[in-house]
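Worksheet: the structure to be examined is printed underneath.
The values are calculated or read from the model by the stated rules, or taken from the named source; none is laboratory data. Since we're looking at a predicted model, the values are computed, not measured. Cβ: placed from backbone, ideal geometry, glycine included. Neighbour counts: every protein chain shown. Remember, those area values only see protein heavy atoms, side chains included, never the ligands or the DNA or RNA. Shrake-Rupley method; radii C 1.70, N 1.55, O 1.52, S 1.80 Å.
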Amino acid sequence: MIHDHESPEKGSETTQYLENLITYANAPIIVWDASLRITRFNNAFERLTGGRTASEVIGRSPEILFPETRREELMDLIRKTTAGGERWETVEIPPILTADGRIRTVLWNSAAVYENDQKTVSSVIAQGQDITERKQAEEALQRAHDELEMRVRDRTLELREANKALQAEIAERIRAEEAAKAEHKRLYDVLEMLPVYVILLSPDYRVPFANRFFRERFGECGDRRCYEYLFSRSEPCENCESYNVMKTGAPPHHWEWTGPDGHDYDISDFPFTDADGSLRILEVGIDITKRKRAEEALRRLNETLEERVVERTDELAKANAILSAICENTPAPIYVTDRRSRLVMCNPAVLRIIGRTQSEVLGKSKAELLGPEVGGPIVAHGQRVMETGNIETFEEGGVGDRIYYSTKTPLRNIQGESTGVIAVGTEITELKQAEAQKQRLLEQLQQSAEEMEVQNEELQCTAEQLQEKTEELALLNRALQESEEHFRSLIENASDIILLLDINGCITYASPSVKRIGNYDPEDLIGMNALDLTHPDDMPTVLEAMRTRMVQPSAIITFEVRVRDSAGRWIYLEVTGASLLREGSARGFIVNARDITDRKHAEEERNRLIASLEEAHREANLYLDIMTHDIRNANNVSGIYAGLMLDLLEGAEKAYAQKLHDSIARSTEILMNVSTIRRIHTRSTGLRRSTSAWSSVRRPETSAAHRYAGRFRRSMFWRTTFSPRSS
């Protein structure tokens, strides 16, 4: 929508900017109207739905995006949002149905777009964030965490039970030593049943006792030393810590050991005195392989989670960069305040409006920057939005007499508490001035109406004229709309190329004819500089044309230029360019280009043929000149002989000689007439005999020109020899 105070060009640029922002945004965006029909469906949403195109869904109900089992439930949410009762803020809607039947989970934020009365919802725009992979990772992590906790709990219970059993058995062994052999057997049986291994090691690395768990895992040791039958070594293991307790005498010694069976064991060594008084080592080993593997799996899971966190952080950084670029380049003032209404962020538009630097603005409230009269209400509005948690739009003052519509949104932390306000402003000074002027006009109209109550007839006549003007204005508006549609149709279907260039020569619009002429897609040319397609030899011509249009905006420049098509070939274009004038100065260029490649090739062929014809004409004239000269010389010689015969003969022979002389004179006259006609024809056609004809024509010794030149020299010899004057 173009506001009343905005120019059509600015409204068009803003609409185009918003259209591109929605279409090419990375986040999925969908818009539906009050009748629950989809009106916008951007590229990111097409990727989210796995191939559904905008043309397939626009005009249809959003229910096509949901699985049938939950379609009615989710449509109720959409109806409530469209009715204006609810607004989505990071709402999770799991079942988004893709084109191939898969389900995607999306985190949604929505906002209602109201009619001019700010009450009736005209449409709803929703922006989504695909969290399907994150949800799957969280569920997998939760399952792994639950399974690990269960395993650790079970193992802890087992260890606790084993520890209790071990303590009981140790106590039982003490009582058995004091009691009888039966008690000793009972202790032995208990050791045999333990799910851990228990052995006694002698100082010479032998194993005088090993319970069943140990024997089943590593076999019978016999009289061999532990390192011999466990690892087939000839000397003790370097990493063995079993005998540390015998050296230190400080029980117990706790360490971990990997057995020959590949299992990990939690080892506890105790100094032990055998029944015969000899020193032994009591070693208890608990198999912790499952626990170690669970810990390793948990570590790998944590690494995977950290990688996903890094990837997600990169994605958020990219999104923040895009948002920052939008804020930096938008003409709308955008700023963020904290709980105490102090500015913590603002874009360049705010700094331009206030006329201060960022360091002077940040950390201060609008009341401090603009004064209590102007800034006080702005601060109060922000506090109200934080207290209510609702998005509201206020009419606020600014620097000087400027007035703004400010839409304020509460900024929430992860707990959902309001920690500040995000404000986006739109200047409405000109709109308010127009409204004030309209009010003044209405007051004047009312006064005029009161003054003209006595003039009912004139008022009725004026009303009828006003009705006629209104109808004429409606007709003009319809004609303007039809003209605009006709103009757009002409541009879209024109055979010539139509381009719009900005002040730097970058293409902002290309008509569909570029596909036919240059085999370019119009979208591929948007943003490309026209000079990048221009032939290097024609670059000065284009630059001079652009400078001329800048100096003389009203001038229309026509020139020819070579440009490169999509295949790299050079095509000739006849270009007519004019400046786009805005506010009295050039803000861009409109270019109409016609493909004249075939015409240029035809002109080149024509020029080549003309050059060839001129060359042939010059050569023919050369031969004709030589022939005419030789014939004239021959006639001169013949005339000389005829004159001699007239002097020598008498009677009838002299009459024949006179006829011969007259015939030779007529022949010479004919040659002179031919030469005169040729000169007249040459001057009328613009053809001139080249002064370098002799140098440009090849003259081999056997050529006709050489033969004619020889005759010419011989005729000149006879002429000078037998001329009457010489005689």
Does the range 287-303 hold any residues that are within 14 Å of Y265 (Cα to Cα) and of a type outside the set (D, E), and which are they?
-> I288, T289, K290, R291, K292, R293
The condition of being open to solvent by 60 Å² or more (accessible area, probe 1.4 Å), modelled with pLDDT under 80 and not in a loop (DSSP other than H, G, I, E, B) holds, among I174, I93, I170, only for I174
What single numbered condition from (1) in contact with a strand residue (DSSP E or B) (Cβ under 9 Å, 6 or more places away or on another chain); (2) part of a helix (DSSP H, G or I) fails to hold for V190?
-> (1)
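Within the range 50-77, how many residues are part of a helix (DSSP H, G or I) and small (G, A, S)? Quick ask: steps written out before the conclusion?
Filtering the range 50-77 for residues part of a helix (DSSP H, G or I) gives 54-57, 62-65, 68-77.
Next cut, small (G, A, S) only: 54-55.
Looking only at that region, the number is 2.
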Looking only at residues in the range 404-429 that are of a type in the set (A, V, I, L, M) and buried (at least 16 other Cβ atoms within 10 Å of the Cβ), which one is farthest from T330 (Cα to Cα)?
-> L411
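Based on what the data block shows, is A611 open to solvent by 40 Å² or more (accessible area, probe 1.4 Å), over 30 Å from S667 (Cβ atoms) and among the hydrophobic types (A, V, I, L, M, F, W, C)? Please lay out each step first, then the result.
Numbers: open to solvent by 40 Å² or more (accessible area, probe 1.4 Å): yes; over 30 Å from S667 (Cβ atoms): yes; among the hydrophobic types (A, V, I, L, M, F, W, C): yes.
In short, yes.
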So which of A44, A99 is of a type outside the set (K, R) and farther than 15 Å from A126 by Cα?
-> A99
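One line per residue, one yes/no per condition, for (1) under 30 Å from S110 (Cβ atoms); (2) at pLDDT 80 or above:
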{"site": "R412", "(1), (2)": "yes, yes"}
{"site": "G425", "(1), (2)": "yes, yes"}
{"site": "A436", "(1), (2)": "no, yes"}
{"site": "Q447", "(1), (2)": "no, no"}
Counting only residues that are surrounded by 14 or more Cβ atoms within 10 Å (Cβ to Cβ) and at pLDDT 85 or above, the range 512-521 contains a total of 2
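In the range 625-651, which residue that is part of a helix (DSSP H, G or I) and loosely packed, with under 14 Cβ neighbours inside 10 Å is farthest from the chain's Cα centre (by Cα)? I'd like the intermediate steps shown before the answer.
Going through the range 625-651, the residues part of a helix (DSSP H, G or I) turn out to be 625-648.
Now drop any that are not loosely packed, with under 14 Cβ neighbours inside 10 Å, which leaves 647-648.
Numbers: D647: 105, L648: 107 Å.
Per the criteria, the residue is L648.
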C237 meets each of (1) open to solvent by 60 Å² or more (accessible area, probe 1.4 Å); (2) part of a loop (DSSP other than H, G, I, E, B) with one exception, condition (1)
Those residues of the range 243-267 which are in contact with an Asp or Glu (Cβ under 7 Å, 6 or more places away or on another chain), open to solvent by less than 30 Å² (accessible area, probe 1.4 Å) and modelled with pLDDT of 85 or more, in sequence order | W255, Y265, D266, I267
Please go through the range 38-51 and pick out each residue that is open to solvent by less than 40 Å² (accessible area, probe 1.4 Å), touching a residue at least 24 places away in the same chain (Cβ under 8 Å) and in contact with a Phe, Trp or Tyr (Cβ under 8 Å, 6 or more places away or on another chain).
-> I38
Identity of the residue in the range 52-73, surrounded by 15 or more Cβ atoms within 10 Å (Cβ to Cβ) and among the small types (G, A, S), that ends up modelled with the lowest pLDDT = A54
Taking E468 and the conditions (1) modelled with pLDDT under 70; (2) of a type outside the set (A, V, I, L, M, F, W, C); (3) open to solvent by 100 Å² or more (accessible area, probe 1.4 Å), which numbered condition does it fall short on, given that it satisfies the others?
-> (1)
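Okay, residues lined up against (1) under 33 Å from the mean Cα position of the chain (by Cα); (2) assigned to a strand (DSSP E or B):
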position: R384; (1), (2): no, no
position: N390; (1), (2): no, no
position: F394; (1), (2): no, yes
position: T426; (1), (2): yes, yes
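Pull up the range 529-572, narrow it to residues that are assigned to a loop (DSSP other than H, G, I, E, B) and more than 17 Å from I590 (Cβ to Cβ), then point me to the one that is least open to solvent (accessible area, probe 1.4 Å).
So in the range 529-572, the residues assigned to a loop (DSSP other than H, G, I, E, B) come out as 535, 552-556, 565-569.
Retained after the next criterion (residues that are more than 17 Å from I590 (Cβ to Cβ)): 535, 565-569.
Working: H535: 30, D565: 10, S566: 59, A567: 67, G568: 40, R569: 149 Å².
The extreme case among them is D565.
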Every pair of residues 6+ apart whose Cβ atoms lie under 7 Å, when the first sits in the range 147-172 and is farther than 10 Å from R291 by Cβ and without any contact (Cβ under 8 Å) to a residue 24 or more places away in the chain while the second is in a helix (DSSP H, G or I) and open to solvent by 80 Å² or more (accessible area, probe 1.4 Å) = E172/R186
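Criterion first (at pLDDT 80 or above, more than 29 Å from the chain's Cα centre (by Cα), open to solvent by 50 Å² or more (accessible area, probe 1.4 Å) and over 17 Å from L36 (Cα atoms)) does E138 satisfy it? Outline the logic, then answer.
Numbers: at pLDDT 80 or above: yes; more than 29 Å from the chain's Cα centre (by Cα): yes; open to solvent by 50 Å² or more (accessible area, probe 1.4 Å): yes; over 17 Å from L36 (Cα atoms): yes.
Yes; evaluated as a whole, the condition is true for this residue.
Matching residues to (1) among the acidic types (D, E); (2) out of contact with any strand residue (DSSP E or B) (no Cβ under 7 Å at 6 or more places or on another chain):
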residue	(1), (2)
A34	no, no
G51	no, yes
T69	no, yes
E73	yes, yes
L77	no, yes
K80	no, yes
Could you list, in sequence order, the residues of the range 17-37 that are open to solvent by 20 Å² or more (accessible area, probe 1.4 Å), assigned to a loop (DSSP other than H, G, I, E, B) and within 19 Å of I96 (Cβ to Cβ)?
-> A25, N26, A27, L36, R37
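For the range 184-211, give me the residue count where each residue is within 20 Å of T258 (Cα to Cα) and surrounded by 15 or more Cβ atoms within 10 Å (Cβ to Cβ). Break it down stepwise before answering.
If we filter the range 184-211 for residues that are within 20 Å of T258 (Cα to Cα), which is where we start, we get 194-201, 205-207, 210-211.
Still in the running and surrounded by 15 or more Cβ atoms within 10 Å (Cβ to Cβ): 194, 196-201, 205-207, 210-211.
The total comes to 12.
Residue-wise test of (1) of a type in the set (V, I, T); (2) surrounded by fewer than 14 Cβ atoms within 10 Å (Cβ to Cβ); (3) in contact (Cβ under 8 Å) with a residue 24 or more places away in the chain.
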{"residue": "S365", "(1), (2), (3)": "no, no, yes"}
{"residue": "E368", "(1), (2), (3)": "no, no, no"}
{"residue": "G371", "(1), (2), (3)": "no, yes, no"}
{"residue": "T388", "(1), (2), (3)": "yes, yes, no"}
{"residue": "E395", "(1), (2), (3)": "no, yes, yes"}
What number of residues within the range 351-397 are of a type in the set (A, V, I, L, M) and under 30 Å from G84 (Cβ atoms)?
-> 6
Give the residues of the range 305-337 that are open to solvent by 30 Å² or more (accessible area, probe 1.4 Å) and either in contact with a Ser or Thr (Cβ under 8 Å, 6 or more places away or on another chain) or not in a helix (DSSP H, G or I) (or both), sorted by residue number.
-> P331
